[in-house]
1. Pairs needed: first member in the range 692-709, surrounded by fewer than 17 Cβ atoms within 10 Å (Cβ to Cβ); second member anywhere, at pLDDT below 95 and part of a helix (DSSP H, G or I); C-beta distance under 8 Å; at least 6 residues apart or different chains.
2. Quick one: which of SER110, SER72, SER133 is in contact with a Ser or Thr (Cβ under 6 Å, 6 or more places away or on another chain) and under 23 Å from VAL307 (Cβ atoms)?
3. Where in the range 475-519 are there strands (runs of 3 or more DSSP E), lying wholly inside it, with at least 2 residues that are closer than 16 Å to VAL577 by Cβ?
4. Return the only residue of LEU632, LEU651, LEU639 being under 26 Å from LYS698 (Cβ atoms) and either open to solvent by less than 30 Å² (accessible area, probe 1.4 Å) or touching a residue at least 24 places away in the same chain (Cβ under 8 Å) (or both).
5. Would you be able to tell me the number of residues in the range 544-558 that are more than 16 Å from ligand 1 (Cβ to nearest atom) and part of a loop (DSSP other than H, G, I, E, B)?
6. For the range 67-86, which positions are in a loop (DSSP other than H, G, I, E, B) and open to solvent by 10 Å² or more (accessible area, probe 1.4 Å)?
7. Name the residue that is farthest from the chain's Cα centre (by Cα), counting only residues in the range 286-311 that are in a loop (DSSP other than H, G, I, E, B) and free of Cβ contacts under 8 Å to residues at least 24 places away in the same chain.
8. Of ASP507, ASP513, ASP531, which residue is within 16 Å of ligand 2 (Cβ to nearest atom), at pLDDT 95 or above and either more than 23 Å from LEU765 (Cβ to Cβ) or in contact with a helix residue (DSSP H, G or I) (Cβ under 8 Å, 6 or more places away or on another chain) (or both)?
Amino acid sequence: MWALRSLLRSVAGRAMSQGPARRQRPPKDPLRHLRTREKRGPSWGPGGPNTVYLQVVAAGDRDAGAALYVFSEYNRYLFNCGEGVQRLMQEHKLKVARLDNIFLTRMHWSNVGGLCGMILTLKETGLPKCVLSGPPQLEKYIEAIKIFSGPLKGIELAVRPHSAPEYKDETMTVHQVPIYSEQRCGKHRLSTSPERPLGSLSPEQSSDSGSTENEQHLPDGNGININRKRDGRDPSLVVAFVCKLHVKKGNFLVLKAKDMGLPVGTAAIAPIIAAVKDGKSIIYEGKEILPEELCTPPDPGVAFIVVECPDEGFIQPICENATFKRYQGKDDTPVALVVHIAPESVLLDSRYQQWMERFGPDTQHLILNENCASVHNLRSHKIQTQLNLIHPDIFPLLTSSQSKEEGPTLCVPTVQGECLLKYQLRPRREWQRDTVITCNPDEFIAEALELTNFQESVQEYRRNMQSSPVPAEKKSQYPEIIFLGTGSAIPMKIRNVSSTLVNLSPDKALLLDCGEGTFGQLCRHYGDQVDRVLGTLAAVFVSHLHADHHTGLLNILLQRERALVSLGKPFHPLLVVAPTQLRAWLQQYHNQCQEVLHHVSMIPAKCLQKGAEVNNPTVEKLIRLLLKACDLEEFQTCLVRHCKHAFGCALVHTSGWKVVYSGDTMPCEALVQMGKDATLLIHEATLEDGLEEEAVEKTHSTTSQAIGVGMRMNAEFIMLNHFSQRYAKIPLFSPDFNEKVGIAFDHMKVHFGDFPTIPKLIPPLKALFADDIEEMVERREKRELRLVRAALLSQDGESQQKRAHTEELQSPQSKKVRAW
Ligand SMILES: [Zn+2]
Ligand SMILES: [Zn+2]
């Protein structure tokens, strides 16, 4: 029994370890996608898809903006792509490989915040083209992403603005419906187009102008040109999507046709099949045969609608919209489902409720909003529950939003969104709950307790600790370091990307980097306390402009403003220490999406380098403010060895402690000098020992290199983080590990007093992740064997050796992916 379980576990572990590390797979044929499409090219026309379902990726809770995945055997679509959506799709195995259409309902962070990461990932999967539909500002937004992503070679990105003709593929026809808020005034007025002056159009014209006949006949590119004039931020615009499935023709009943004496198996049957499938009667040997005698009934082309109503200002325009009215009448295609991305306040409005009811009793309604309590990041909850068994303070339990009060009672069939909830449109229209996530902590605990040696090693470590208690003077509560994201490159189910919160005192905090999903991590860590924490945030340090270090910043800025309002605290800009290039990205986002520039007081990271001359009185003032706001004696930066404009930093507190953060870097002498005698060094250790060449190629450090830097710095303690996602749960240990080194996990909470404890946690950690470690060791051994073989072959000459080396570099593991 035990052997079987262990076998199953190791198989499961294998499957898992293959999951996230897409680098391990052989490189994909970049044209594969195109070829498949060509193969099935002309055949899709008459068929219509057999299987179509919608699935909730994110239910619209505070830490997961609403997003929807739509699947057919031909196509995959995503509706909205907020921060963390890609991470959820990875965790729940919703394939991005054929995701060539993304629909966005508006230019707001909760809808577009995850787009940068998603595009980079789609590019890596070899997807040749992705089309983004929605507000015309998307075009500029893509340009803005290129500020930090580079030119995005290899993937063609196209924007299909709402004024473009309807879109049609193998599965459905999609019609974009622009909706303009009544509140197109005040401070946003300047950004609206002169073509659409406020109030000069009737509601019908202004709310449905994108669907006029003549625009539908415009060739593809023209829609984009029309909208050129409408560049610039426009918070009054949302775009709804009406999606009509193609009719699925009935199946030809071969046996019945045989019985009736039809020429089955000969060429003469083809026109007969075509006719009856088209619903036409045929005359065969003078006898009329009706289509229903030879075919199963066709499946009608039902529609579904995705509509966002962000606030009350959009209610009237939605209610009066002519396109929607057509679908509420009897004439047009029946609507199977309406997906409402709308806050509770909108759903409570009687006008909106009446509009919902007008679709009739046969239409289902799916609600995605802040009231949808659903665990999304299941694996994160699981690992934290298990780590918590090892040390309850260092690995605190995550909070999960409790189910809130029932939404308003409506006269129409309404369902609240939950992560992975499905509505199937074909073959049968029905809700499917079998995939919906249930989070059962008792199960996670039981699983951990069953592991060989786990309980024993936890007890052993506790006995150890009792015999050497931590001295009282070390037990100070501040600073408190909370690792929010400890993985590199791409947000994954177990490790999110870079971010570390430093709580300097009860009312002062600072973030070291701010990768995608940082706000979500804060929510899961602090629950209802998250606003209080945002209220204490005094500064953010952005080490460099790789997406895994800064794309969570905008949400922190936006959520902090909301938090300050709800706390009744005065608003003041957040101090951001960053490479100056960050400003261009913020400016573009500000121009195209939401106003953010007033949220930031930026201090160029280079101005905090030792000996830097700051001739700008504003920056000087901001630096003084920074030190005061964080109670710091010194905030120093230095250039590190990574990409251009990459920095590390050292913080010296007025009470004497010193925390040093490496950002991403190869072993760096400047960092060693700046960090001399640090109390704590937080250093990246992206790769395991033995991968030094890959580390150089990617300008990162190996475990032992990171430890070496800490030792030369004479750091009192070293925490390693920024692990390659191939080490999903735990990195490989190196012989250089000593009593001064710890491994960071997401949500780990560390005080200086924990330094003696942390290395002692390693045996229980090794027991908890034994299978994963075994797997990684196996991989390492195989790699070493390959190298030995290559070395032996090299006796034939240097050229051979060179080739072996190249092979190693080109092995799937080291396949060059996103810069991180
Ligand atoms: Zn990185
Ligand atoms: Zn980087």
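The values are calculated or read from the model by the stated rules, or taken from the named source; none is laboratory data. Being a predicted model, the structure only gives us computed values, none of them experimental. Here the Cβ is made from the backbone with ideal geometry for all residues, glycine too, and neighbour counts use every protein chain on show. With ligands, DNA and RNA removed, areas are computed over all heavy atoms of the protein, side chains included. Shrake-Rupley method; radii C 1.70, N 1.55, O 1.52, S 1.80 Å.
1. Partner pairs satisfying both residue conditions: GLU693/HIS805; GLU693/GLU808; GLU693/LEU809; GLU697/LEU809; GLU697/SER814.
2. Of SER110, SER72, SER133, the one residue that is in contact with a Ser or Thr (Cβ under 6 Å, 6 or more places away or on another chain) and under 23 Å from VAL307 (Cβ atoms) is SER72.
3. 499-505, 508-514
4. Details: LEU632 fails: under 26 Å from LYS698 (Cβ atoms); LEU651 fails: under 26 Å from LYS698 (Cβ atoms).
Answer to the selection: LEU639.
5. Going through the range 544-558 one residue at a time, the tally reaches 0.
6. GLU73, TYR74, GLU83, GLY84, listed by residue number.
7. Within the range 286-311, the subset in a loop (DSSP other than H, G, I, E, B) is 286, 290, 296-298, 300-302, 309-311.
Next cut, free of Cβ contacts under 8 Å to residues at least 24 places away in the same chain only: 286, 290.
Working: GLY286: 63, LEU290: 52 Å.
Among residues in the range 286-311 that are in a loop (DSSP other than H, G, I, E, B) and free of Cβ contacts under 8 Å to residues at least 24 places away in the same chain, the one farthest from the chain's Cα centre (by Cα) is GLY286.
8. ASP513
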